[in-house]
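Trainee: Quick one: the structure is below, questions incoming.
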Amino acid sequence: MGLVFYHRNMLLAQKLQQDLGFLRARLFDLREINLENARLRGLLNFKQKSPWRLVAARVVARSPDSWSSSVILDKGRYNGIKPGMVVISPAGLVGTVIESAQDSAKVLLVNDPNQGVSSIIQRSRQEGLVSGTLGTNLIMRYLPDDADIAVGDLVVTSELSQLYPKGILVGRVVNLGKEFSGLNRYALVKPAVDLANIEEVLVIIP
Amino acid sequence: MKRLLILLAIIILATLQLNWPACLVFFHCKPDLLLIFALALVFYLDFKYALLCAALTGLVKDVFLPATLGFNMVLFCLWVYLVDRLNRQISAEEVYVRWAVVLLTAFLHNLILGLASLAGGNIISPVIFLRNLLIISVYTTLISPAVFKLAKKISSTF
């Protein structure tokens, strides 16, 4: 008699194990969907409040090597995305579109060394040029020796830039130094956006 | 059929390289799967076919890069040519020899890419330059046995 119950219980335990595995997978999926939902809700809120016309796009691929920093978006010319357009996220500046196909676009991220963004320190209005270093931080160069700049200052895009709208957050100053020539100073800027893990972005349509 | 398999392998490796899992990215570096595949084909296919595949592999990589189109294509073909010459001079049957070939090629490839970037006026700190040069080369070498196995499997099919 005990053997019959043992067998039945064993089968039941196996079935429950299978159900547990299935439910764990479902829970993982739902958590992922929940996180995506929160991100998209944030993007939508930002889009509704923003003064610009924006197109939301998803990052589908990243740069195949480590000598450049770029991403591929899942939207292109069909959605009005053209080269030269600025890419942002609710946290700040992401980069610029450099190529666009019918359904995809290539974006040069702000931490690519080829990228140059005319920026200012928000507090003191000190101007400089922010470019990428391929590392975690950006570098703000051409700062005069007596520039009013301190660690923790916010860096935003300048109105001098023809490409970028004024006032987009680029990052925060984390370190200061003197250039090799000794004539200028530079500032290391931590990007406002986590560029290594970016998943959804907004393209500004002028 | 072999052509189709090679094409499929290039697409899969390119997709993997473009979407390399974040947990496997060490110090912002990821391996160059397409370079390994181009090199691996030298050992398993005849030279002309391997050269053609290298050009295609390099082109696929170039398409997704913001840099000048054709740079990787030319370099891949050059590496395939040089490795083929080397393969005729020495016996590259040993696994360690192949590892050394991949390491040397990856090192030279990254050195040229880095120097080209510097020549283009970009400012790259020596630490990041060395990080990219050494970590990518070693990481590429460590991943190479898996890609070599794939290339061998494809070459032995049909």
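The values are calculated or read from the model by the stated rules, or taken from the named source; none is laboratory data. The structure displayed is predicted, hence computed values, not measured ones. Virtual Cβ from ideal backbone geometry, glycine too; neighbours counted across all protein chains shown.
Trainee: When you scan the stretch B:123-158, how many residues do you find that are in contact with a strand residue (DSSP E or B) (Cβ under 8 Å, 6 or more places away or on another chain) and free of Cβ contacts under 8 Å to residues at least 24 places away in the same chain? Quick ask: steps written out before the conclusion?
Mentor: Initial filter on the stretch B:123-158 (in contact with a strand residue (DSSP E or B) (Cβ under 8 Å, 6 or more places away or on another chain)): B:123, B:131-132, B:135-136, B:139.
From the residues that got through so far, the ones that are free of Cβ contacts under 8 Å to residues at least 24 places away in the same chain too are B:123.
Total meeting the criteria: 1.
Trainee: Please specify each residue of the stretch A:65-95 satisfying the condition of being surrounded by fewer than 18 Cβ atoms within 10 Å (Cβ to Cβ), within 14 Å of chain B (Cβ to nearest Cβ) and either under 25 Å from B:S117 (Cβ atoms) or of a type in the set (S, T, Y) (or both).
Mentor: A:P83, A:G84
Trainee: Another question, if that's okay. With respect to A:R125, is the statement that it is at pLDDT below 90, part of a loop (DSSP other than H, G, I, E, B) and farther than 30 Å from B:K61 by Cβ true?
Mentor: Numbers: at pLDDT below 90: yes; part of a loop (DSSP other than H, G, I, E, B): yes; farther than 30 Å from B:K61 by Cβ: yes.
Here the answer is yes, as A:R125 does meet what is asked.
One line per residue, one yes/no per condition, for (1) touching a Gly at 6+ places or on another chain (Cβ under 8 Å); (2) in a loop (DSSP other than H, G, I, E, B):
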position: A:L16; (1), (2): no, no
position: A:A25; (1), (2): no, no
position: A:N34; (1), (2): no, no
position: A:G42; (1), (2): no, no
position: A:K47; (1), (2): no, no
position: A:V55; (1), (2): yes, no
position: A:V60; (1), (2): no, no
position: A:K82; (1), (2): no, yes
position: A:V87; (1), (2): yes, no
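Trainee: From A:E99, A:E199, A:E159, A:E179, which residue is surrounded by fewer than 16 Cβ atoms within 10 Å (Cβ to Cβ), over 15 Å from the mean Cα position of the chain (by Cα) and under 28 Å from B:F27 (Cα atoms)?
Mentor: Details: A:E99 fails: surrounded by fewer than 16 Cβ atoms within 10 Å (Cβ to Cβ); A:E199 fails: over 15 Å from the mean Cα position of the chain (by Cα); A:E159 fails: under 28 Å from B:F27 (Cα atoms).
Within the list A:E99, A:E199, A:E159, A:E179, the selection yields A:E179.
Table: residues versus (1) within 30 Å of B:C23 (Cα to Cα); (2) among the hydrophobic types (A, V, I, L, M, F, W, C).
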| position | (1), (2) |
| --- | --- |
| A:L143 | no, yes |
| A:V151 | no, yes |
| A:S158 | no, no |
| A:G167 | no, no |
| A:V173 | yes, yes |
| A:R185 | no, no |
| A:L188 | yes, yes |
| A:N197 | yes, no |
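Trainee: Is it true that some residue in the stretch B:123-131 is over 25 Å from A:V107 (Cβ atoms) and touching a Pro at 6+ places or on another chain (Cβ under 9 Å)? First the steps, then the outcome.
Mentor: First pass over the stretch B:123-131, keeping only residues over 25 Å from A:V107 (Cβ atoms): B:126-127, B:130.
Then drop every residue that is not touching a Pro at 6+ places or on another chain (Cβ under 9 Å), which leaves none.
Scanning the stretch B:123-131 turns up no residue that is over 25 Å from A:V107 (Cβ atoms) and touching a Pro at 6+ places or on another chain (Cβ under 9 Å).
Trainee: Going by the structure shown, is A:G152 over 18 Å from the mean Cα position of the chain (by Cα), in a loop (DSSP other than H, G, I, E, B) and on the phi > 0 side of the Ramachandran plot? I'd like the intermediate steps shown before the answer.
Mentor: Values: over 18 Å from the mean Cα position of the chain (by Cα): yes; in a loop (DSSP other than H, G, I, E, B): yes; on the phi > 0 side of the Ramachandran plot: yes.
So A:G152 fits the description; yes.
Trainee: Given the criteria among the basic types (K, R), within 12 Å of another protein chain (Cβ to nearest Cβ) and in contact with a strand residue (DSSP E or B) (Cβ under 8 Å, 6 or more places away or on another chain), does A:R62 qualify?
Mentor: Yes.
Trainee: Oh, and also: Within the stretch A:129-149, how many residues turn out to be closer than 13 Å to A:G171 by Cα and either away from chain B (no Cβ under 14 Å) or not in a strand (DSSP E or B) (or both)?
Mentor: So the count comes out to 3.
Trainee: Give the stretch B:42-66 a look and list any residue that's touching a residue at least 40 places away in the same chain (Cβ under 8 Å) and more than 11 Å from the chain's Cα centre (by Cα), or say none. Lay out the reasoning, then the answer.
Mentor: Restricting attention to the stretch B:42-66, the residues satisfying the condition of being touching a residue at least 40 places away in the same chain (Cβ under 8 Å) are B:42-45, B:53, B:56-57, B:60-61, B:64.
Of everything in the stretch B:42-66, those that are touching a residue at least 40 places away in the same chain (Cβ under 8 Å) and more than 11 Å from the chain's Cα centre (by Cα) turn out to be B:V42, B:F43, B:Y44, B:L45, B:C53, B:L56, B:V60, B:F64.
Trainee: Ok, one more. What about A:L108, is it closer than 18 Å to A:D194 by Cβ, out of contact with any Leu (no Cβ under 9 Å at 6 or more places or on another chain), within 14 Å of another protein chain (Cβ to nearest Cβ) and at pLDDT below 90? Steps first, please.
Mentor: Values: closer than 18 Å to A:D194 by Cβ: yes; out of contact with any Leu (no Cβ under 9 Å at 6 or more places or on another chain): yes; within 14 Å of another protein chain (Cβ to nearest Cβ): yes; at pLDDT below 90: no.
Here the answer is no, as A:L108 does not meet what is asked.
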